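Input: a single structure, listed below in structure tokens.
Nothing in this text is a laboratory measurement; each read-out follows from the coordinates by a stated rule. Keep in mind that this is a model prediction, so the values were computed, not measured. Please note: Cβ atoms are built from the backbone with ideal geometry, for glycine as well, and neighbour counts cover all protein chains shown.
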Amino acid sequence: MSFDAQLAAYLAAHPETEVAEVYLVDLNGIARGKLVPADMLRKVGQGGMKMPVSTLGLDIFGTDVAESGIAIEVGDPDGVLLPLPGTLAPVRWASRPTAQLQCMMSDAGGEQVASYDPRGVLARVVARAQAMNLSPVMALELEFYLIDPELPVPPVNPEAGGRLERSQIYDLAVMRAFEPVMAGIAEAAQALGAPAETVICEFGAGQFEMNLAHVEDPLAAADHMVALKRAIRGVARAHGLDASFMAKPYGEMAGSGMHIHLSLGDGAGRNLFDGGLFDGGLLDGGAGEVNGLLGNALGGLKARMAECMLIFAPHLNSYRRFMPGSYAPMVAAWGYDNRGAALRVPETRGKGARVEHRVAGSDANPYLLAAAVLAAALDGIARRAEPGPPVAVEAGAEDGTPLPLSWPMAEQAFARSDFIAEWLGEDFRHIFAAMKRQERTTLLARVTDAEYGAYLRTV
């Protein structure tokens, strides 16, 4: 269906629509766009709505990155916004009748998707999977905190009116207190096309996890996470709260992750990771219950984990999440139903046979996360990478390669990676690394209160 036909159907169903949020997702996962009158949406379908191509590469502070070479250095040209099918939807939390429309960014010529558009990066990896006759199936999970918008620390329970001083993991009483917010989030996410499923309380005070359904399209899976994040924050604010997707907003409480589940199908409904369906006669057999294809995928995911760490942990705060006993893995290792490993294999039989990648924080860009995970698995399959033995406890240094657990180390591994350039794109590698270097320089120029307290008059 053409965009004009989609728009006509939407406005017929929602004639009250007054304005629309037209946006794209930049490399940091931030939605950037325009609020336009509803009658201007036709302009998007005609290729008439533009934004600077450099919008994709703004740093976390909203500043151009000179080293990337895509902003004023080349005249800061416009690109054309390309509407995504299926993303024209109502914004349930808005105070006036509002629609949203997600877009991708063309290059300056308006002819093709910009090489560093994050959704475009994922689309290229998906195309390579299809060329290998593999159909990826993905689902994402998100942990986040609800917080007081006036006083971000500490989180506030909207019913109890105060901070929880104990772990709230799976606490149904806490879930009941937050029920109006969670019900609103689920409804808003569904309206945006995101199949939100289970909601649970996590360890931290005011911390929750929401799961999305498995879908046979990684692009849709990442689209759903973008929609879910928008719904969480929008509904929270409508209820007088706010939401934080920081990886580690509170030093003494649990960090927040974004886990991704991956399996590979054959296009005919068969799960190629199913060890019961395929034996050593068809694939290569494997270690224990893991068949050969899943074993090769695990080998690739382990081998490329360090190079992808800047995608999984893109910010200074991201690295506070990684510590022993935190369920945030520090070593490239895998295990059967082991949440202490970076790669968890929950099931090896049936349609549920899959790998759960547990490294990324909730601050990761879902498109880049999905692209990195899928590319590493495909690379392992292409190279017949060996997974090594599984671990049954929390993985330590003896169980695999330690991950680069500092921002500079992760940036260096990323910037030097031929794998990133080959699978995700050389332009993307250059621009993303330059952005992170600029962000680090900016943050290192700021002296923290903790440093003043420790050193100002004592050293």
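With the cut-off at 1.5 for a/c, could you classify the chain from its C-alpha gyration tensor as rounded, prolate or oblate? Rounded, since a/c falls under 1.5.
Could you work out the relative contact order of the chain, using alpha carbon pairs under 8 angstrom and six or more residues apart, expressed as a whole percent?
15 percent
Under the shape rule built on the C-alpha gyration tensor, where the axes satisfy a ≥ b ≥ c, the range 211-257 is oblate, since a/c reaches at least 1.5 while a/b does not exceed b/c. Near Ala108, once Lys and Arg are set to +1 and Asp and Glu to -1 for all other residues with Cβ below 11 Å from its Cβ, the sum equals -3. For the chain, a simple Cβ point-charge model (Lys and Arg +1, Asp and Glu -1, everything else neutral) yields a dipole of about 180 debye relative to the Cα centre. For Ala375, neighbours were defined as the other residues whose beta-carbon sits under 13 Å from its Cβ, and their charges (Lys and Arg +1, Asp and Glu -1) total +1.
Between the residues Trp407, Tyr116, Gly295, the greatest Cα displacement towards the positive end of the dipole of the chain, with unit charges on the Cβ of Lys, Arg, Asp and Glu, is found for Trp407. Screening the chain for whole DSSP H helices with an alpha carbon extent of at least 24 angstrom along the helix axis and a mean Kyte-Doolittle hydropathy of at least 0.0 yields 218-238, 366-383. Taking the range 376-411 and a reference point 7 angstrom along Cα→Cβ of Glu289, the backbone N atoms nearer than 19 Å belong to 387-394. Between Ala123 and Glu451, the simple spin-label model (points 7 angstrom out along Cα→Cβ) gives 4.2 nm.
Please find the FRET efficiency linking Met323 to Ala5, where r is the Cβ-Cβ separation and R0 is fixed at 45 Å, and quote it to the nearest 0.05. About 0.30, to the nearest 0.05. Think of the chain as having a plus end and a minus end, set by charges on the Cβ of Lys, Arg, Asp and Glu; of Ala450, Ser417, Leu27, Ala450 sits farthest toward the positive end of this dipole. Cross-link reach is defined here as a Cα-Cα straight distance under 23 Å, omitting same-chain residues fewer than 8 places apart; for Lys34 the lysines meeting it are Lys43, Lys50, Lys229.
For the pair Ala131 and Thr441, the difference between a 0.36 nm per residue extended length and the Cα-Cα distance amounts to 107.5 nm. Residues of the range 1-17 falling in the label zone of Leu35, defined by backbone nitrogen less than 17 Å from a point 7 Å along Cα to beta-carbon, are 17.
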